[in-house]
1. Looking at the range 237-324, which trypsin sites (Lys or Arg not before Pro) are in a loop (DSSP not H, G, I, E or B) and have at most 15 other Cβ atoms within 10 Å?
2. Quick check: the distance between the Cα centres of the range 227-245 and the range 32-59, to the nearest angstrom?
3. Through the Karplus equation 6.51 cos²θ - 1.76 cosθ + 1.60, θ set to phi - 60°, convert the phi angles of the range 307-312 into ³J(HN,Hα) values in whole Hz; use x for Gly and Pro.
4. Among Ser218, Ser258, which comes first, second and so on when ranked by fewest other beta-carbon atoms within 10 Å?
5. By how many degrees, 0 to 90 and rounded to 10, does the Cα axis of helix 273-288 deviate from the longest principal axis of the chain?
6. Quote the relative contact order of the chain in percent (integer), defining contacts as alpha-carbon pairs under 8 Å separated by 6+ residues.
7. If exposed GluC sites (Glu not before Pro) are those in a DSSP loop with at most 14 other Cβ within 10 Å, what is the longest stretch of the chain that has none?
8. What list do you get for Trp197, Trp160, Trp143 if you sort them by fewest beta carbons within 10 Å?
Amino acid sequence: MSIAMAMKHPGGPDVLQEIEVEVPEPLTNQVRIRQSVIGVNFVDIYYRNGLYPINSYPAILGFEGAGTVESVGANVTSLRPGDRIAYHGAPMGAYTEVRILPESRLVKLPDGISERVAGSSMLRGLTAHMLLHKVHAVQPNDWILVHAAAGGLGQLVTRWAKRLGANVIGTVGSDGKVERAKDAGADEVLLHGQSDWTERTRTITEGKGVHLAIDGISGSMLAQTLSVVRPFGIATSLGQPAGPIPPVRVEELGFARSIGLARPSSMAYANDPELYRRGCADLFAALQAGLINPVGAEYPLRDAARAQSDLESGRTTGSVILVP
């Protein structure tokens, strides 16, 4: 039997309850893994609170983890028992000690990358790769705006963008998070709760605006973010912890402004086999070359509710993980 944290209906963090699940032997093209690290992300909260629908209950949340292979099914050729692996993407169900996944979802870890680092970096790492290589191919001296720059994704995007030679303006929600964003490499750090952050962003970029804006806050923040993107630049909207995404009129983006708006999904990115393979390879190479993705908070698997509550309320910085 395997311990898992499951929910029977949408709601607050307390809907996550411990259950025991029977994990069978893997079928054809499947692999059974024992997890050592499980990532906790905002997408899990969106499924838990009902923003994203779940087809059946009880449901086990989570899309990211790392561990070792216990057994493999027929036709599995790339992995064998004992191999260290990591993954990101569907199917949902990471909040458990042992689980079954298709071979195609699992990536073998190279020497020098621990399960702790990989299990806390897959979702954010592939999101950062998508933003900096696919949504906008970052060039040296580009200006990048990163909201929530002290958070797990914000820190990783900032560090990776700096390795690519970009200039980064980070925004944070409180004075206490300024130093974390600076430690990640942000050239300038602003408080997004202050009314003049947009004006200061335009001043820093000599009135031109940023090439890429990454908005993981949403709510009223998106309209402000669009105002600091330079012509032919692009703004991305990822998640919405500050509230629903307001309507955006397409004609407001065109003509004199000539800016783009993207709503990219790391889940869709991971579901494309070629993008997933390339993104994982580049992420592992960057981690081996010194890219840092700090773990900001660690909880036992049984404390998944507390982990989500702390993440949702902004009490964490860096990546958040569960340890079975």
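Read-outs: derived from the displayed coordinates by stated rules, not from any lab. Because the structure is predicted, anything quoted here is derived from the model rather than measured. Glycine gets a Cβ as well: all are built from the backbone with ideal geometry, and neighbour counts include every protein chain shown.
1. Those satisfying the criteria are Arg249, Arg315.
2. Here the answer is 25 Å between Cα centres.
3. 4, 5, 4, 5, 5, 5
4. Ranked by crowding around the Cβ, least crowded first: Ser258, Ser218.
5. Around 80 degrees separate the two axes.
6. Contact order relative to length: 18 percent.
7. The answer is 23-205.
8. Trp197, Trp143, Trp160
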